[in-house]
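To keep things clear, I will list the structure first and then write my remarks on it.
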Amino acid sequence: MKQFLGFFRKELIHIIRDVRSLLILLLIPFLMMLIFGYAINMDLKNAGIAVMDLSGDDMTHEITDKLLSSGYFELQDVITDPGRAEELFKAGKVKEILVFEQDFARKFHSEGIAKVQILTDASDPNNANMLVNYTNGIIANYLLQQQVSQFLPLQVQSSFRYNENLESVYMFVPGLIALLVMLISTMMTSISITREKESGTMEAILVSPLKPWQIVLGKVAPYAFIALSNLAVILLMGTFVFGVPYRGSIALLLGLCVLFILMALSLGILISTISSNQLMAMMISMVGLLLPTILLSGYIFPIDNMPVWLQTISSAFPARYFITALKAVMLKGLRFMYIWKEILVIFGMMMFFLIVSIKKFKIRLD
Amino acid sequence: MDRERIIIVKNLVKKFGDFTANDNLNFEVYKGEIFGFLGANGAGKTTAMKILCGLSKPTSGEVDIAGFDIYRDTDKIRHIIGYMSQRFSLYEDLTVYENIRFFAGIYGIRGKEFRAKAEKLIAKLNMEDVAKTLVASIPLGWKQKLAFSIAMFHEPPIVFLDEPTSGVDPRTRRQFWEMIYQAAESGVTVFITTHYMDEAEYCDRVSIMDQGRIAALDTPKMLKENAGAKNMNDVFLKLVRPQKAEL
């Protein structure tokens, strides 16, 4: 135990002496939370639109007012010439143009059919899709109000469960935890172990009476602490700054995170046993792990929308299971019995990484 | 020779895939001698030394170190050997004192005993002024001496030095050999690999390695006589060249 403490102290000195890296590691969660919470926002706000109102009656005015008062749209221009529409799109000033046909209100009341056309700039397809949906929703709502007195055959009521206001930050908290834990636990651990191989100090430690588990634990423990402190920052900022709810059991939430950290550390050890230098360790962690964690874990792109082969690949990355389980506990308040499969997969991966590393470590430095 | 044998190697073979790094090595090292392992790069010196230190497992063969078997008694062997690699194995971002403290700690030397020994060592090395300086900023020669002293800190009866003088100027090398002599005089067995021919002259006995095999093993004086050579350089060229030519 005393030998281990000596080792641990040495590792702490390494980390503290490298002030720049330490600051980066400690500041990353703050910055990422601020960026994801405030700057990167998938929600739609104040999209520029133009209106081409060929009718100009009460009804078209009312619909336009409804749209503009929703907060999602901002009127940039009122046009009369269809050719102008193209210019506006090209200039990038408006994302959507609403065209009301002539005699809109009259046709609506006498013929029961009135036409409104929505043109969108689909160079950003997701955005265009959202604009159309929002516009449709608002117009439908308006129609509903017009027909209150009349009999309605079908009524649609939608409700967004678990994230009523569709806040992006709810999604980013689990993703960010996964990303940072991988960054610190996996990448930093693997780099710190390969650094010792490169400098030759690993040999000096291996010929000593230190046991392999003491070496590994000594190398891993400081990074586990940093990962835990980052976890605390993200969780606390999430709830106090961004109002993310933690609906499930806090113990289960923390237990899940700790398990994921342990898995990431084992993976870091495994990477260090297969890489011969720091650069290789970093490349494997970055390209092999961080990128897939961002792209394939369901953090940004929904897994269900991926082609089957990509879904299969994504199931090899632990972050996928972690994010699924974490969302379930955090936002839906699910209990252990609903996420035991994910937990089992993460646990299994951890054991696999540990067993392979121990086998590799035994051969020592061949 | 009826001197006490401290390292006994029998039929030692180490293969990496198809490549045989150590091809049936047989030798013995006596207590308190300076035993040199001489050879070109890639001759298998470092591989053999790593096996003796327990850093690598042999493919086959027997190795006995101070009565301990390297397969079974690895833990015991670790306590009685010191090791210094050609890269000096120091932490550049730790101070001189912290390096000593760390390596002493992993051999279980701490507290009062450590402080007394460390103070004596720093005084002996004349490093009082740099004790709190990062190792990265002290001269190479000092690092080398420090690395050797750290390898000897737990007073092992056997010390393995893997090309400890590579990349160091001749004057520093001579000073370093003085430290080796001092250690040998106090009864420590020194096992050293080198590719400097002049250093081979300082050893009590030298084994010349070539392509994984021991080409010759004797005192420097006998090696020169047998080969009819003036110095170790000639001995080496005579022993090693003919075999290389077969390739």
Among the Cα-Cα pairs of the range A:168-362, the proportion with separation greater than 22 Å, in percent, is 48 percent
Here the FRET efficiency for A:Val19 versus A:Tyr338, based on Cβ atoms and R0 = 45 Å and rounded to 0.05, is 0.55
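Exceeding 28 Å between C-alpha atoms, which entries from my cross-link table qualify? They are A:Lys360/B:Lys15; A:Lys10/B:Lys45; A:Lys66/A:Lys115.
Over 28 Å Cα-Cα: A:Lys10/B:Lys45.
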Of all stretches in chain A that avoid trypsin sites (Lys or Arg not before Pro) placed in a DSSP loop and having at most 11 other Cβ atoms within 10 Å, the longest is A:162-366
Ranking A:Leu180, A:Val94, A:Leu34 by how far each Cα lies towards the positive end of the charge dipole of the protein assembly as shown (+1 on Lys and Arg Cβ, -1 on Asp and Glu Cβ), the top one is A:Leu180
Mean projected area, convex hull of alpha-carbon positions in the range B:5-246, reported to one decimal in nm², is 13.8 nm²
Heavy-atom accessible area of the range A:47-146 with neighbours in place, 1.4 angstrom probe: carbon+sulfur share in percent works out to 48 percent
In debye to the nearest 20, the charge dipole size for the range A:30-89, taken about the Cα centre with +1 at each Lys and Arg Cβ and -1 at each Asp and Glu Cβ, equals 420 debye
Per the charge dipole of chain A (beta-carbon charges, Lys/Arg positive, Asp/Glu negative, Cα centre), the residue among A:Gly6, A:Ile118, A:Gly137 reaching farthest to the positive end is A:Gly6
Of all GluC sites (Glu not before Pro) in the range B:1-44, the ones in DSSP coil with at most 15 other Cβ atoms within 10 Å are B:Glu4
Taking max minus min of the Cα coordinates of the range A:47-146 on each principal axis, largest first, gives extents in Å of 38, 26, 19
Taking 0.36 nm per residue of separation between A:Arg9 and A:Met351 and subtracting their Cα-Cα distance, the length gained on full extension comes to 120.4 nm
Note: A:Asn129 to A:Glu74 extended length (0.36 nm per residue) minus current alpha-carbon separation gives 18.1 nm
Probe 1.4 Å, heavy atoms of protein chains only: per residue, the accessible area of the range A:168-362 in Å² is 40 Å²
Buried accessible surface, A vs B, both sides, probe 1.4 Å, in Å² to 100, equals 2500 Å²
Between the alpha carbon centres of the range A:1-52 and the range A:281-332 the gap in Å comes to 19 Å
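Between B:Glu225 and B:Thr59, 0.36 nm times their residue separation minus their Cα-Cα distance comes to what?
On the way: separation 166, 0.36 × 166 = 59.76 nm, distance 3.51 nm.
Net length gain for the segment: 56.2 nm.
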The percentage of Cα-Cα pairs in the range B:14-61 separated by more than 13 Å is 61 percent
So, with points 7 Å from each Cα along the Cβ direction, the B:Asp218-A:Ser159 label distance in nm works out to 9.9 nm
Within chain A, excluding any GluC sites (Glu not before Pro) found in a DSSP loop (not H, G, I, E or B) and having at most 10 other Cβ atoms within 10 Å, the longest uninterrupted segment runs A:165-366
Per residue, accessible area of the range B:34-78 with a 1.4 Å probe, heavy atoms of protein chains only, in Å², comes to 36 Å²
The simple spin-label model distance between B:Asn41 and A:Val287, using points 7 Å out along Cα→Cβ, in nm, is 2.7 nm
Computed from every Cα-Cα pair in chain A, P(r) in 20 Å bins starting at 0 and rounded to whole percents is 24, 41, 24, 10, 1
The rounded separation in angstrom of the Cα centers of the range B:21-94 and the range B:171-207 is 16 Å
The relative contact order of chain A, taking Cα pairs under 8 Å that sit 6 or more residues apart, comes to a percentage of 18 percent
At 20 °C in a medium of viscosity 1.002 mPa s, the protein assembly as shown has a Stokes-Einstein diffusion coefficient, with Rh taken as the Kirkwood radius over alpha carbon pairs, in µm² per second, of 72 µm²/s
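The values are calculated or read from the model by the stated rules, or taken from the named source; none is laboratory data. Here the structure is a predicted model, which means the values were calculated and not measured. Here Cβ is always computed from backbone atoms with ideal geometry, including for glycine, and neighbour counts include all displayed protein chains. Quick note on the areas: whole protein, heavy atoms, side chains included, nothing else; ligands and nucleic acids left out. Shrake-Rupley method; radii C 1.70, N 1.55, O 1.52, S 1.80 Å.
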